[in-house]
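Asker: One structure follows; several queries about it will come next.
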Amino acid sequence: RALRALGVAAASGAGCAAAACDGRAGAQQRGISTTTPHSTHSDHFHVDVRSRLPTDSHFLHGLSWKDKGLEEYDTYLGISSIVAELKWGKSACGHPGIVHGGALAASFDDAFGALFFSRRMGNGFTARLEIDYKRPVPAGTPLRLVSEVDSIEGRKVWMKATLQNRSAPGEEPVVYARSRCLFIVARVPKPEELHAKQEDSPQR
C-alpha cells in the first residue's frame, strides 16, 4: 500500500513538485552537485553522478571512465523521470565502430537504478532487464536515455526507458533501443525475525 501511495504521489502534480524539491534538498545535503536545469530539460535539475559515487567503487562510473569508454555522462532528475545524456567512445565497441550491447545494457540498468532510488522506496535490486535493440549505435554518438516508472505492484517496481539520439527540437529522434526493467524492493525484516536471528546466532 505504501508503494502504491508513492506511485500515486509520483503521478500527481502537487505531490511530484514536493518530491522533486525534497529530492534536490536531499541531494545537496549528501554533497551531490546540483545546478540550474539544462535548457533541454527545463523541468529537471542536473545531478553530478561523478560526485555521487567514488570512481573506484562503481562499474559504470569508475571502470568505464578510467578506460575512457564512457566519454560523457550527465543525469537530469525530474518529477517523474530521469534523463541521462551520455556518449560511448571507441574503446566501448564490440564490432569496429559499434558500441557493445553490454555497454548499452549497463547504461539502461544504471539509469533504472538512479530512477528507483530517486523515488525513495528503500533499497532494491534489478530482477529483470529486457532490451529491444533497434539499430547499432555508432561510437561517439551523443545519446539521450529517458527512463520513467511504468507501474508499481507491491514490492515490484516496473520501469521503462528509451535510448535515442539527441535530436534538435522539432526533429524526430532516432531510437536505438528500448528497455523494460523490474526492480524488487528489499523486504524489511520484521522485529520478531530479527529477534529470532539474534537468538540463532552463535554465542561468543
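The values are calculated or read from the model by the stated rules, or taken from the named source; none is laboratory data. Just so it is clear, the structure is predicted and the values come from calculations on it, not from any experiment. Here the Cβ is made from the backbone with ideal geometry for all residues, glycine too, and neighbour counts use every protein chain on show. Each accessible area value is taken on the protein alone, full model and side chains, heavy atoms only, with ligands, DNA and RNA left out. Shrake-Rupley method; radii C 1.70, N 1.55, O 1.52, S 1.80 Å.
Asker: Here is a list of conditions, (1) over 16 Å from the mean Cα position of the chain (by Cα); (2) without any contact (Cβ under 8 Å) to a residue 12 or more places away in the chain, and Gly140 meets all of them except one; can you say which number that is?
Answerer: Evaluating Gly140 over (1) over 16 Å from the mean Cα position of the chain (by Cα); (2) without any contact (Cβ under 8 Å) to a residue 12 or more places away in the chain leaves (2) as the failure.
Asker: Of these, Gly113, Gly170, Gly102, which one is small (Gly, Ala, Ser), at positive phi and not in a strand (DSSP E or B)?
Answerer: Testing whether each residue is small (Gly, Ala, Ser), at positive phi and not in a strand (DSSP E or B) leaves just Gly170.
Asker: List the number of the failed condition for Asp150; all other conditions in (1) outside any strand (DSSP E or B); (2) surrounded by fewer than 16 Cβ atoms within 10 Å (Cβ to Cβ) hold.
Answerer: Tallying (1) outside any strand (DSSP E or B); (2) surrounded by fewer than 16 Cβ atoms within 10 Å (Cβ to Cβ), Asp150 fails exactly one: (1).
Asker: Take the residues of the stretch 116-138 that are modelled with pLDDT under 95 and part of a loop (DSSP other than H, G, I, E, B): which is surrounded by the most Cβ atoms within 10 Å (Cβ to Cβ)?
Answerer: Ranking the candidates gives Arg119 first.
Asker: Residue by residue through the stretch 78-106, note down the ones that are open to solvent by 30 Å² or more (accessible area, probe 1.4 Å) and under 13 Å from the mean Cα position of the chain (by Cα).
Answerer: Scanning the stretch 78-106 gives a single hit, Ser80.
Asker: Could you list, in sequence order, all residues of the stretch 155-167 that are open to solvent by less than 30 Å² (accessible area, probe 1.4 Å) and assigned to a loop (DSSP other than H, G, I, E, B)?
Answerer: Ser167
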